[in-house]
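The values are calculated or read from the model by the stated rules, or taken from the named source; none is laboratory data. What you see is a predicted model; the values in this text were computed from it and never measured. Reconstructed Cβ throughout: ideal geometry from the backbone, glycine too, with neighbour counts over all protein chains shown. Keep in mind that these areas ignore ligands, DNA and RNA; they rest on the heavy atoms of the full protein, side chains included. Shrake-Rupley method; radii C 1.70, N 1.55, O 1.52, S 1.80 Å.
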Amino acid sequence: MTNKLSKVTSPWTWTLLILSVGFIMAVLDTTGVVLAVPTIEKELNIALDDSIWILNSYILALSSLLLVSGNLARKFGAKRLFIIGMLFFVLASIGSGISTNIWMMVFFRLFQGSGAAMFMPSAMTILFLSYPEDKIRARALGIWTTIISVATGTGSLIGGSLITNFGWNSIFFINVPLGIIAILYIKNLKIEDPHDRILKVNILDNFVLFGTLASLVIFLVGVSQKNGYYSNSVIFFGALFILFSILLVFLEKNSPKSIIPIELLKRPQFLISNLFGFVINISLYGLTLVLGLYFQTKLGFSAMIAGLLILPGMGSLILGNIFYTKKIKNTNLMKLVSVSTIITVIGSTLFLLSAVLINPLSQWIIIIVFAFLSFGLGMLTPATTTILMNSAGKEYSSIAGASLNANKQIGGLIGTTLMGIVISSNGSNWYLILIVAFAVQLLLYIVTALVNRFSLM
């Protein structure tokens, strides 16, 4: 009986692998698409200011709808929402792949992000329900983040290879068979899937959240354009962002069904883990965009070679995950968090110093420093996930997973937008672009290290 139970609860199961497929596709449609941007710009005759929306439209829908999707999973069941979201994602991937202009692509990318927003928190809930024991769940989450880090690490290489050999469309078409496999497996998965049909979902607050994020991104992108600060449209969206933000705070304070339950917001570990997830993705998405474009536009490499050059840094995430998974058995969780944040500060400092002292910055230096920084991120990511899920418990597992992923995607949205501003504002001056980009990285990780230090006091 014990042997059978250990086999069922072992983290290495098909369920864990299949649930990771959704995240792998979601990652590929960010890191992989970053490398496709120069090719799409050329083939569809798109300006740089417009091409940033190929990334931001997807991340905008994903980040703003994750929280409402977490509540929808509680209302209708995680399995049902996973299947619906994955179906949306597959159909939108086909639409993105056959797009003939920027606005057609932006439409389908919004649709695609909406689908990803549905299945991502549901996948976290299914994972939580599949591994009810704390120790086994901690190992499963470590392996889960390792698999996702493999996807993140190889996403650039896979994406670059697909683009170089089969065209930019293939980055979207690859989702179709993977999505169908995931749908069929989860449909037949036998697990307890608790849900509450009478649960009320706050649609108004989520609509205002979407408006807040959308107006912020449009404002930031507008600022990056020539005379952006003085443009009527930029001023309008800046004012709209302020109004939406005030309205969102008012609604949340007075709503009996807030987007994130007040009980969760009172838990320090919940807030800290979300902050860390936010910072990690500002860093990763921003760095991937900057380095991918630097390798292609400054150093003249193909999309496939650019992906290959990013691979060691991303692959180091896997080593960090593996190190965490082994050490968590006998080491205090917060000690691992402290070590990882120190590594990220040192790594980002080395990046900044290298950019200041060496021009042009060699790809070999980038590979080494990025790998060092990523090792720290590889430790911090599963630690963050474990802290969050432990603080939420079974009752709030779906909304907690949704909040972490929402913060990560909002971080990714802010990361790509900020780096897009840095790139477009400085033209082809890659010396200045890299200095500013790495300075932002350093500031982010100093803040993270300080938050972690004071949280332990």
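At 1.4 Å probe radius, can you tell me the per residue accessible area of segment 235-372 in Å²?
Details: 6440 Å² over 138 residues.
Value for segment 235-372: 47 Å² per residue.
Ranked highest first by the average count of other Cβ atoms within 10 Å around their residues, in what order do 381-389, 275-283 fall? Present the calculation step by step, with values, prior to reporting the outcome.
On the way: 381-389: 25.8, 275-283: 24.1.
Top to bottom by mean Cβ count within 10 Å: 381-389, 275-283.
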Applied in sequence order to segment 366-376, the curve 6.51 cos²θ - 1.76 cosθ + 1.60 (Karplus, θ = phi - 60°) yields integer Hz couplings, x standing for Gly and Pro, of 4, 4, 5, 5, 4, 5, 5, 4, 5, 4, x
Between segment 328-383 and segment 29-63, the Cα center-to-center distance that results, in Å: 27 Å
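What do you get when you divide the Cα radius of gyration of segment 63-109 by 2.2 N^0.38 Å, with N the number of residues? The partial results should precede the final answer.
Working: Rg = 13.1 Å, N = 47, 2.2 N^0.38 = 9.5 Å.
In units of the 2.2 N^0.38 Å rule of thumb, it is 1.38.
Of the peptides 366-379, 171-184, how do they stack up when ordered by the mean number of other Cβ atoms within 10 Å, highest first?
Numbers: 366-379: 23.6, 171-184: 19.4.
Sorting 366-379, 171-184 by mean packing, highest first, produces 366-379, 171-184.
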I need the phi-derived Karplus couplings for segment 319-327: 6.51 cos²θ - 1.76 cosθ + 1.60, θ = phi - 60°, integer Hz, Gly and Pro marked x. 5, x, 4, 5, 4, 4, 4, 6, 6
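Could you rank the peptides 262-272, 70-80, 108-118 by their average count of other C-beta atoms within 10 Å per residue, with the highest value first? Don't skip to the end; give the middle numbers.
Working: 262-272: 15.5, 70-80: 23.3, 108-118: 25.3.
The packing order, highest mean first, is 108-118, 70-80, 262-272.
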